[in-house]
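Asks: Dumping the structure here so I can ask a few things about it.
We did not get these values from a lab; they are worked out from the coordinates using the rules stated. Everything numeric in this text was worked out from a predicted model, so none of it was measured. Here the Cβ positions follow ideal geometry from the backbone for every residue, glycine too, while neighbour counts run over all protein chains shown.
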Amino acid sequence: MPEGHTIHRLARDQRRDLVGRPVRASSPQGRFAAGAARLDGQVPLATDAWGKHLFHTFASGDVLHVHLGLIGRFRRRTSPPPEPVGAVRLRMAGAASTWDLSGPIVCAVVTPDRVDEVVGALGPDPLRPDADAEAFVATVARRAAPIGALLLDQRVVAGIGNVYRAELCFLAGIHPATPGRDLTVEQITRLWDLAGQQLRLGVRRNRIVTVDPAELGVPPSRVRRADATYVYHRDRCGRCGTPTEVVALAGRRTWACPAEQPRPG
DNA sequence: CGATTATGATTAA
DNA sequence: TAATCCTAATCGC
């Protein structure tokens with residue numbers, strides 16, 4: 001679920017649902033009892049996404065910092081909400097909608113200074129209008145690490161995860177093991193542009209569909225999960241049918257099409 | 001019903 | 001590189 005598109009979509013939806021009116025905060029599961037008690041009754045003024053980090057700034061100056069990690073999830077319910085389902089770390093109830101958070105890797109009340117620290121450690125986020133594309137290009141062009149590892153490194157570019165890294169390399173026709181410094185400026189710029197396009201599509205659809213739905217002849221909403229990517233987690237390339245190659249990069253598996261992403265060298 | 005897996009990231013070794 | 005944390009869905013027996 002959670003790559004950058006998920007977080008930016010959540011920011012947008014939760015901004016509309018929660019900002020400007022007091023929220024009722026609670027921790028049905030109990031693991032965030034003190035934080036929820038502190039936020040209860042406070043008025044969120046702004047909600048912001050940076051890469052995979054989500055921030056809610058309250059009128060008091062308190063900031064709620066959430067990172068979903070691998071398994072974290074927000075579920076929207078109608079207010080007043082029904083009994084929580086599963087392990088709900090934080091429930092934020094607004095006037096018409098309630099958001100239930102489970103399984104986050106980070107859920108904390110922090111100061112604006114801490115926000116600066118977190119954001120300062122991130123590379124440019126293609127979903128932010130002010131993102132510094134040049135910085136991404138310059139970083140990748142100088143690094144010897146494989147592009148498949150650099151794309152997962154949040155200090156290089158913020159918001160890309162295991163699905164998008166595989167798919168972006170495929171869409172650019174680049175093998176993920178290619179060292180960053182062996183790529184041309186045009187190739188790196190192409191990766192940046194594709195990242196922005198794909199992440200924006202992800203925000204709009206609220207899911208990752210990197211295949212061109214026209215190639216499948218169905219609307220995006222009816223693309224099955226297993227068909228939604230060209231190479232990620234697939235045995236065969238979704239475009240040409242060639243058996244995919246599995247590569248371990250940055251400690252995780254990624255996939256490539258040997259026919260359309262020739263190995264470097 | 002237990003094991004495995006997952007779109008993440010940090011810490012220890 | 002491996003262990004670890006968070007949770008829930010899915011898979012195999």
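Asks: Considering only residues that are farther than 11 Å from residue A:176 by Cα and not in a loop (DSSP other than H, G, I, E, B), which ones fall in the stretch A:233-252?
Replies: If the condition is that a residue be farther than 11 Å from residue A:176 by Cα and not in a loop (DSSP other than H, G, I, E, B), then A:236, A:243, A:252 are the ones that fit.
Asks: Looking at A:137, A:85, A:118, which is the one that is within 16 Å of DNA strand C (Cβ to nearest atom), surrounded by fewer than 21 Cβ atoms within 10 Å (Cβ to Cβ) and not charged (D, E, K, R)? Spell out the reasoning first.
Replies: Details: A:137 fails: within 16 Å of DNA strand C (Cβ to nearest atom); A:118 fails: within 16 Å of DNA strand C (Cβ to nearest atom).
Just one listed residue meets the conditions, A:85.
Asks: Could you please find all residues in the stretch A:77-127 being more than 16 Å from DNA strand B (Cβ to nearest atom), in contact with a helix residue (DSSP H, G or I) (Cβ under 7 Å, 6 or more places away or on another chain) and assigned to a strand (DSSP E or B)?
Replies: Residues satisfying the conditions are A:90, A:92, A:97, A:99, A:109.
Asks: Please identify the pairs in which a residue from the stretch A:179-205 that is within 20 Å of residue A:220 (Cβ to Cβ) has its Cβ atom under 8 Å from the Cβ atom of a residue that is within 16 Å of DNA strand C (Cβ to nearest atom) and assigned to a helix (DSSP H, G or I), counting only partners at least 6 apart or on another chain.
Replies: Note: pairs meeting the criteria are A:202/A:6.
Asks: Shifting gears a bit: Restricting to the stretch A:202-250, and then to whatever is of a type in the set (Gly, Ala, Ser), over 29 Å from residue A:13 (Cα atoms) and within 15 Å of DNA strand C (Cβ to nearest atom), can you tell me which residue is surrounded by the fewest Cβ atoms within 10 Å (Cβ to Cβ)? Walk me through it before giving the result.
Replies: If we filter the stretch A:202-250 for residues that are of a type in the set (Gly, Ala, Ser), which is where we start, we get A:202, A:214, A:217, A:221, A:226, A:228, A:238, A:241, A:248, A:250.
Going one step further and asking which of them are over 29 Å from residue A:13 (Cα atoms), we end up with A:217, A:238, A:241, A:248, A:250.
Next, only the ones that are within 15 Å of DNA strand C (Cβ to nearest atom) stay: A:248, A:250.
Numbers: A:248: 10, A:250: 16.
Among those residues, the one meeting the criterion is A:248.
Asks: Right, residue A:48: touching a residue at least 24 places away in the same chain (Cβ under 8 Å), under 17 Å from residue A:111 (Cβ atoms), among the acidic types (Asp, Glu) and crowded, with 17+ Cβ neighbours inside 10 Å or not?
Replies: Numbers: touching a residue at least 24 places away in the same chain (Cβ under 8 Å): yes; under 17 Å from residue A:111 (Cβ atoms): yes; among the acidic types (Asp, Glu): yes; crowded, with 17+ Cβ neighbours inside 10 Å: yes.
When the stated conditions are applied, residue A:48 passes them.
Asks: Confirm whether residue A:190 is closer than 30 Å to residue A:264 by Cβ, of a type in the set (Lys, Arg) and crowded, with 22+ Cβ neighbours inside 10 Å.
Replies: Details: closer than 30 Å to residue A:264 by Cβ: yes; of a type in the set (Lys, Arg): yes; crowded, with 22+ Cβ neighbours inside 10 Å: no.
Against the criterion (closer than 30 Å to residue A:264 by Cβ, of a type in the set (Lys, Arg) and crowded, with 22+ Cβ neighbours inside 10 Å), residue A:190 does not qualify.
Asks: Since residue A:49 meets every condition but one in (1) over 27 Å from residue A:154 (Cα atoms); (2) within 16 Å of DNA strand B (Cβ to nearest atom), which condition does it not meet?
Replies: Checking residue A:49 against (1) over 27 Å from residue A:154 (Cα atoms); (2) within 16 Å of DNA strand B (Cβ to nearest atom), the one that fails is (1).
Asks: Now, a different point. If you take the residues in the stretch A:21-45 that are of a type in the set (Gly, Ala, Ser) and touching a helix residue (DSSP H, G or I) at 6+ places or on another chain (Cβ under 9 Å), which one is nearest to DNA strand B (Cβ to nearest atom)? Give the derivation first.
Replies: First pass over the stretch A:21-45, keeping only residues of a type in the set (Gly, Ala, Ser): A:25-27, A:30, A:33-37, A:41.
Now narrow it down to the ones that are touching a helix residue (DSSP H, G or I) at 6+ places or on another chain (Cβ under 9 Å): A:25-27.
On the way: A:25: 24, A:26: 24, A:27: 20 Å.
Of everything passing the filter in the stretch A:21-45, A:27 is nearest to DNA strand B (Cβ to nearest atom).
Asks: Same structure, new question: For the stretch A:58-76, how many residues meet the condition of being surrounded by 20 or more Cβ atoms within 10 Å (Cβ to Cβ), within 11 Å of DNA strand C (Cβ to nearest atom) and outside any loop (DSSP other than H, G, I, E, B)?
Replies: So the count comes out to 0.
Asks: Could you grab me the full set of residues in the stretch A:94-114 that are out of contact with any Asp or Glu (no Cβ under 9 Å at 6 or more places or on another chain) and surrounded by fewer than 15 Cβ atoms within 10 Å (Cβ to Cβ)? Quick ask: steps written out before the conclusion?
Replies: Applying the first criterion (out of contact with any Asp or Glu (no Cβ under 9 Å at 6 or more places or on another chain)) to the stretch A:94-114 yields A:100-108, A:112-114.
Hits for the stretch A:94-114 are A:105, A:108, A:112, A:113, A:114.
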